[in-house]
Amino acid sequence: MDDRLRDAVLTYYQRVDAGDLDGLLALFHPEVRYERGGRDPIEGIDALRRFYQAERLIREGRHQLDAVLVEGDQVAVRGVFRGILKTGEEVAVRFADFYHFRDGLIWRRYSYFMDRFV
């Protein structure tokens, strides 16, 4: 089970960086809840689709993962995102993400962002 969960999270980052919306949404449970600091939670797969289509501030970029840890049905990730916002601003941001799985799909996600360093 550990490898499947780890692979699902790694696949998520590949798909989000490639702009594969349908592919990344296929990794999430229909009752997904995504919490990010300072924002209202995103609840349900339709709201998650809206987020990626219209609300996400990022135009393009790449995630570099420094650590991926699996414990039971949870995966923790630490890394750096480098990219361009929809405003045209270049950014590099340290982040930590935590994933909880249900039925083999991402059911809960929590994202924490550190200071930008670019």
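The values are calculated or read from the model by the stated rules, or taken from the named source; none is laboratory data. Keep in mind that what you see is a predicted model, and the values were worked out from it rather than measured. Note that we place each Cβ from the backbone using ideal geometry, even for glycine, and neighbour counts take in every protein chain shown. Side chains included, ligands, DNA and RNA excluded: accessible areas come from the protein's heavy atoms. Shrake-Rupley method; radii C 1.70, N 1.55, O 1.52, S 1.80 Å.
Structure notes:
- Any hit, segment 86-96, residues being closer than 24 Å to Asp2 by Cα and in a strand (DSSP E or B): yes
- Options Asp103, Asp115, Asp66; residue that is farther than 15 Å from Leu24 by Cα, of a type in the set (D, E, K, R) and open to solvent by less than 80 Å² (accessible area, probe 1.4 Å): Asp66
- Segment 73-86, residues that are open to solvent by 50 Å² or more (accessible area, probe 1.4 Å), over 21 Å from Glu43 (Cβ atoms) and modelled with pLDDT of 95 or more: Arg78, Arg82
- Condition check for Glu35: loosely packed, with under 14 Cβ neighbours inside 10 Å, of a type outside the set (A, V, I, L, M, F, W, C), modelled with pLDDT of 95 or more and in contact with a strand residue (DSSP E or B) (Cβ under 7 Å, 6 or more places away or on another chain): no
- Taken together, Glu43, Glu60 contain a single residue that is open to solvent by 50 Å² or more (accessible area, probe 1.4 Å), closer than 16 Å to Tyr99 by Cα and touching a strand residue (DSSP E or B) at 6+ places or on another chain (Cβ under 7 Å), which is Glu43.
- When Arg15, Arg4, Arg49 are checked against the criterion of being loosely packed, with under 12 Cβ neighbours inside 10 Å, in contact (Cβ under 8 Å) with a residue 12 or more places away in the chain and not in a strand (DSSP E or B), a single residue qualifies: Arg4.
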